[in-house]
Amino acid sequence: MELRLLTALRAQNPIVFNIANFVTVQDVANGLNALGASPIMSAEVQEAETMVQIAGAVCINLGTLTELQIEQMRVVGRLANQYHKPVVLDPVAVGAVPYRKRIAQELLTTFDVAVIRGNAGEIAALADMDWQAKGIDAGTGTGDLISIAKACANRYHCCVILSGPTDVITDGTRVVQVHNGTPLFQLHVGSGDLLSSIVAAFTAISSDTFEVAQTACLVLAASGELVASQLTADRPATFTVELVDKLSLVTVPEIEAVESLN
Amino acid sequence: MELRLLTALRAQNPIVFNIANFVTVQDVANGLNALGASPIMSAEVQEAETMVQIAGAVCINLGTLTELQIEQMRVVGRLANQYHKPVVLDPVAVGAVPYRKRIAQELLTTFDVAVIRGNAGEIAALADMDWQAKGIDAGTGTGDLISIAKACANRYHCCVILSGPTDVITDGTRVVQVHNGTPLFQLHVGSGDLLSSIVAAFTAISSDTFEVAQTACLVLAASGELVASQLTADRPATFTVELVDKLSLVTVPEIEAVESLN
Amino acid sequence: MELRLLTALRAQNPIVFNIANFVTVQDVANGLNALGASPIMSAEVQEAETMVQIAGAVCINLGTLTELQIEQMRVVGRLANQYHKPVVLDPVAVGAVPYRKRIAQELLTTFDVAVIRGNAGEIAALADMDWQAKGIDAGTGTGDLISIAKACANRYHCCVILSGPTDVITDGTRVVQVHNGTPLFQLHVGSGDLLSSIVAAFTAISSDTFEVAQTACLVLAASGELVASQLTADRPATFTVELVDKLSLVTVPEIEAVESLN
């Protein structure tokens, strides 16, 4: 695992332009900032070109999409392609809401993305494979997670992160799984949103998307695991506070000491 | 008090669709999640029908209403009635802003609500009774809180929670007061928003609205009281973190041990 | 330094109407509330006049501006002038985004502001002076901060706070610098937004804008410094929680004991 990317990210402080959802936007901004990236959130299409030019990468999150925001997503995605800035797509709730699935698929034909990051239900929906989603949560399905992630990656010609207790990362051919983490991530609203934006931050500093995706998953999952190991009870809000702290403080050797991926 | 509803909520993990205000939305989502419910926030009317179908209940919060959002509220409220999903209305600042009072009253003629949750100034305004509101805060008035709450409940044919240091809960005839709580709730922006969404979560699992309202008030007020009893100073942000933690950890016996209602 | 203004603010609990950015709005609301002010966030122009009438001051933050919000800013700014409510402008990212600079300058011709609060890159941009901004951050420039702040103040006939490790405060003639603070403010997204809204809170209780600006900078910077001095590591999220706590608890003698300004 190329944890040198973490050192590089902190040295380079890349700007991530987030089309964010308004529920978790503050935690995502704080998490990016703590890690060593520089978050920008912008909602106005008139400044889209400048924002894309300034940014090292773009993260498009469908969490609280509106028709107005979808138009911004189209413009920003195309501009990002034009300026060769990598795009990460977070297809929130496409497994549960047909309207969102239609929008996500339309966006995926409008511009190229480097990485799609979703839970099992979301990735399965984009791959048109069977999975039972519940609301915005992943749901419980019986599909084979690796097959689902590969199918999605091959269909959209990008890297896919199917995140959950184990994160499955694939470029359509190669597969790596990150086994680190803690159940507290499920108690913290916006863990997935934060992961997507952290992935974007790493895409800004390396073009090896498959490696970037692994590094991002590992850094966040291991940080959460390290925090959880110090908590004496399942305190979701304390976990959030200490997770953001840890993103600032965590060292490469600390992560290597708990790293569990294959 | 039927605290078995708390156990049932945690077992059933109901989805609450919130038309939220953007100030406190993250705390509300985290609080619902910690308690054992599943929050959805959506802003796009095109997905309103799916969201209502997915959800067990709807919470409509006027906190940062816009003309666009009001149209969404109308659609969602009508759909919720059609699909028999209970609606909780949080009429933020209707006591201070005539425009908001007009909107709230129009919404209350557009669809039926199960519960209105507001502070004294807000409930008095909806009941067209006298009270002095200050900004978005409750203000200090001399009206009789029980009379105000009953008048509001009878006018809109719903359960009313007039929350404050003592929560007054009425279906227009019966009245229960929850005396638990802590002054720290006043220092925490969004205590009322969180209560309204927690009420909605309980309405998703029981049709006894009067009991639901009591349980929701008691669970939140007792959790806050338990947290405050451990704090050595009035730390509003620490209180918020520990309140969300407590919503995850609090047990029925813990609540019963401090329960003060009549 | 007139720290009696802090005592007065807590006694008077002024209402601050914020046209906020949606990234940091919750922290800003909590910070204002903890300090002893009463935050209102509103997004609908139909209620603008009531909100301005209710409020003691207005803070306009360009952080996540949209065309719709800019129209609200114009209306609110004019109403604030009409009702003699002081306006604080936070020109987020005008140093990096030409569109934002154009909007900010147009707003500054549309209504009078009492205080502009920005970082070096933002204030330099408004003054049309040379500075290197990076994204939404201040950037590193070689301009003389005092000259830049004075030029901006003279151009827009208002008080200017150029905030950073040292805050430079000027009315165009007089200059005071606040040296308190901690590098943790840079790790906390929204420190500047919070400062701007705290400035607005103080403008609501005193017409001596130059003194108000100093007091606001000192209260926030000293509170942060006091919190940081108790932390054993750079924990950005813990810092945020404890900063908001401190805004509630900090006393005049505590601030006087660390006060460093000239």
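Observations
- All of (1) surrounded by 24 or more Cβ atoms within 10 Å (Cβ to Cβ); (2) in a helix (DSSP H, G or I) hold for A:Ile161 with one exception: (2).
- Sub-7 Å Cβ pairs linking a first residue in segment B:231-248 that is at pLDDT below 95 to a second residue that is small (Gly, Ala, Ser), at least 6 apart or interchain, are B:Asp234/C:Ser248, ordered by first then second residue.
- Among the residues of segment C:108-131, those identified as of a type outside the set (A, V, I, L, M, F, W, C) and assigned to a helix (DSSP H, G or I) are C:Thr109, C:Thr110, C:Gly121, C:Glu122.
- Single match in C:Ala114, C:Ala80 (criterion: within 16 Å of C:Ala213 (Cα to Cα) and either aliphatic (A, V, I, L, M) or touching a residue at least 40 places away in the same chain (Cβ under 8 Å) (or both)): C:Ala114
- So A:Gln105, is it within 14 Å of chain B (Cβ to nearest Cβ) and either part of a helix (DSSP H, G or I) or in contact with a Gly (Cβ under 9 Å, 6 or more places away or on another chain) (or both): no
- Filtering segment A:185-200 to residues that are in contact with a helix residue (DSSP H, G or I) (Cβ under 6 Å, 6 or more places away or on another chain) and within 14 Å of another protein chain (Cβ to nearest Cβ) leaves A:Phe185, A:Leu187, A:His188, A:Val189, A:Gly190, A:Ser191, A:Asp193, A:Leu194, A:Ser197.
- Residue that is farthest from A:Asp112 (Cα to Cα) [pool: residues in segment A:48-77 that are assigned to a loop (DSSP other than H, G, I, E, B), within 14 Å of chain B (Cβ to nearest Cβ) and touching a residue at least 12 places away in the same chain (Cβ under 8 Å)]: A:Thr64
- Those residues of segment A:9-37 which are over 19 Å from C:Arg235 (Cα atoms) and in contact with a helix residue (DSSP H, G or I) (Cβ under 9 Å, 6 or more places away or on another chain), in sequence order: A:Pro14, A:Ile15, A:Val16, A:Phe17, A:Asn18, A:Ile19, A:Ala20, A:Asn21, A:Phe22, A:Val23, A:Thr24, A:Val25
- Selected residue (criterion: nearest to B:Thr64 (Cα to Cα)) from residues of segment C:42-69 that are surrounded by fewer than 20 Cβ atoms within 10 Å (Cβ to Cβ) and of a type in the set (Val, Ile, Thr): C:Val45
- Residue in segment A:88-98 that is assigned to a loop (DSSP other than H, G, I, E, B), in contact with a helix residue (DSSP H, G or I) (Cβ under 8 Å, 6 or more places away or on another chain), touching a residue at least 40 places away in the same chain (Cβ under 8 Å) and of a type in the set (D, E, K, R) present: no
- In the set (1) surrounded by fewer than 19 Cβ atoms within 10 Å (Cβ to Cβ); (2) free of Cβ contacts under 8 Å to residues at least 60 places away in the same chain; (3) closer than 23 Å to B:Asp208 by Cα, B:Gln12 fails one condition alone, (2).
- The residues in segment C:210-262 that are within 13 Å of another protein chain (Cβ to nearest Cβ), of a type in the set (Gly, Ala, Ser) and part of a helix (DSSP H, G or I) can be counted, and the count is 3.
The values are calculated or read from the model by the stated rules, or taken from the named source; none is laboratory data. Keep in mind that this is a model prediction, so the values were computed, not measured. In this analysis, Cβ positions are derived from the backbone assuming ideal geometry, glycine residues included, and neighbour counts consider all displayed protein chains.
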